[in-house]
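Report on the following structure.
The values are calculated or read from the model by the stated rules, or taken from the named source; none is laboratory data. Since this is a predicted model, take the numbers as computed values, not measurements. Glycine also receives a Cβ, built like all others from the backbone with ideal geometry; neighbour counts cover every protein chain displayed. Calculation scope for accessible area: heavy atoms of the full protein, side chains included, ligands and nucleic acids excluded. Shrake-Rupley method; radii C 1.70, N 1.55, O 1.52, S 1.80 Å.
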Protein chains: 2
Amino acid sequence: MTESPPPLSFNDFQRLIREMYFEKDLARGIDGTFMWLMEEVGELAAVLREGTPAEQAAEFADVLAWLTTIANVAGVDLAAALHEKYGAGCPGCGQLVCTCDDAGKP
Amino acid sequence: MTESPPPLSFNDFQRLIREMYFEKDLARGIDGTFMWLMEEVGELAAVLREGTPAEQAAEFADVLAWLTTIANVAGVDLAAALHEKYGAGCPGCGQLVCTCDDAGKP
């Protein structure tokens, strides 16, 4: 891990990605943007197998950026979505430390 | 979009997911966890085609949660990774509003 920067919020990052890419994202649309996300997911898989920590960090960042850019086009607020789904504990068992069956999801 | 909750930082969310799932994630390992991520990515694709806004928000949350859980197992600090890759503008052109060739990435 590298040294942590000041806290970065999902709202701030989603706004940053919107400012950087929204016009292009909107023109490309969700389907075309999803293809880029998939390419980055593949790159993440590759570096998880044999990449350096810095390469792994960069690919996580890219996947997050493409996921965020799709959320912008779809009009989804990521912070609100996370709060709704995970803000009250594990969606499966409702506990802060998950007690779901190990074979189950997650 | 639903009403925004108080700012949620990547550090806070990564810590929350660690508290909820780290023991299970570590036991399952990166490969098995990546399979769950892929399932969620597929569900996201499906709801982007024909889901409600609430369903789309929930699937974005799930993809973020599984991506974060893999980052925990790999020892990657997501906030630091984002800051490193996107903190100084578009990694392609270096501009806050991307001016990369439209045919290029991103």
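General remarks:
- If you filter the stretch A:48-63 down to residues that are open to solvent by 50 Å² or more (accessible area, probe 1.4 Å) and of a type in the set (Asp, Glu), you find that the one that is nearest to the chain's Cα centre (by Cα) is A:Glu55.
- Condition broken by B:Gln95, with the remaining ones in (1) closer than 18 Å to A:Met20 by Cβ; (2) among the polar types (S, T, N, Q); (3) touching a Leu at 6+ places or on another chain (Cβ under 9 Å) satisfied: (3)
Conditions (1) crowded, with 20+ Cβ neighbours inside 10 Å; (2) within 8 Å of chain A (Cβ to nearest Cβ); (3) in a helix (DSSP H, G or I), marked per residue:
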position: B:Met35; (1), (2), (3): no, no, yes
position: B:Ala46; (1), (2), (3): no, no, yes
position: B:Ala65; (1), (2), (3): yes, yes, yes
position: B:Ala71; (1), (2), (3): yes, yes, yes
position: B:Ala80; (1), (2), (3): yes, yes, yes
position: B:Pro91; (1), (2), (3): no, no, no
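- On the stretch given as the stretch A:65-89, residues that are on the phi > 0 side of the Ramachandran plot and of a type in the set (Val, Ile, Thr) total 0.
- Of the residues making up the stretch B:4-33, just one is more than 8 Å from chain A (Cβ to nearest Cβ), in contact (Cβ under 8 Å) with a residue 40 or more places away in the chain and among the small types (Gly, Ala, Ser), namely B:Gly29.
- Annotation note: of B:Glu23, B:Glu40, the sole residue that is of a type in the set (Asp, Glu) and open to solvent by less than 40 Å² (accessible area, probe 1.4 Å) is B:Glu40.
- Checked across the stretch A:6-17, the condition of being surrounded by 15 or more Cβ atoms within 10 Å (Cβ to Cβ), at pLDDT below 95 and not in a helix (DSSP H, G or I) holds for at least one residue.
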